[in-house]
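Quick note: the coordinates plus some simple rules give every number you see, no bench work behind them. Worth saying up front: this structure is predicted, and the values here are computed from it rather than measured. Note that we place each Cβ from the backbone using ideal geometry, even for glycine, and neighbour counts take in every protein chain shown.
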Amino acid sequence: MVDIQTISIAIASASIVVAVVYYILQIQHQKKMRQTDLIMRTQPTFNFSYREWREYMLHLPLDFKGYDDFVKKYGPFQSGTPETESTLMFLGYFEMLGILVKRKLLSIDMVYDFYGMYNAYFEVFMPVIEGVRKEWNIREFVNCEYLLNEMKKRQQRGA
């Protein structure tokens, strides 16, 4: 026969299990909220508005064939032309996102949901990144390249 003490121990034990499960769910929810807050805070804040930057990037003619062609059409990156400045801002922003994804502060799923439409830009700009690396003899935009590879993997997995 079950006495009151056994029932109270079972209820106390069940309460602890429920509390632990609730706490774990809260931690997971807080992680998602932090990631959402982080990606919202990282929206570009440059010398001109994000809307201007986005419009420029969406209308940038992507008809160059590699780094040399890019430099011939838009000038060297040190020239400060609108095309080179926007390209550097674009790549720099996604470099920062790549760092956050690599360090698991942002999930690739969240970044892909926000920026999946920019995958084509990454592909087009990879020869430019490689050209910058070669000309300047530096390993620049490594995390941007990491992000591109992670976005490709995410795209292959599907929505």
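Worth a mention:
- Computed over neighbours whose Cβ is under 15 Å from that of residue 156, the net charge equals +1, Lys and Arg +1, Asp and Glu -1.
- Pairs from the table (32/104; 104/134; 104/152) lying more than 22 angstrom apart at Cα are 104/134.
- Taking the range 47-157 and dividing mean pair separation by its residue count, relative contact order in percent (alpha carbons under 8 Å, at least six apart): 32 percent
- Per-peptide average of other Cβ atoms within 10 Å, ordering 25-36, 131-142, 108-119 highest first: 108-119, 131-142, 25-36
- Cα extents of the range 1-41 along the three principal axes, largest first (Å): 60, 9, 6
- For the range 47-157, the calculated P(r), taken from all Cα-Cα distances in 10 Å bins from zero up to the bin holding the longest distance, is 14, 47, 33, 6, 0 percent.
- Distant-in-sequence amide H partners of residue 105 (H built 1.01 Å from N, under 5 Å): none
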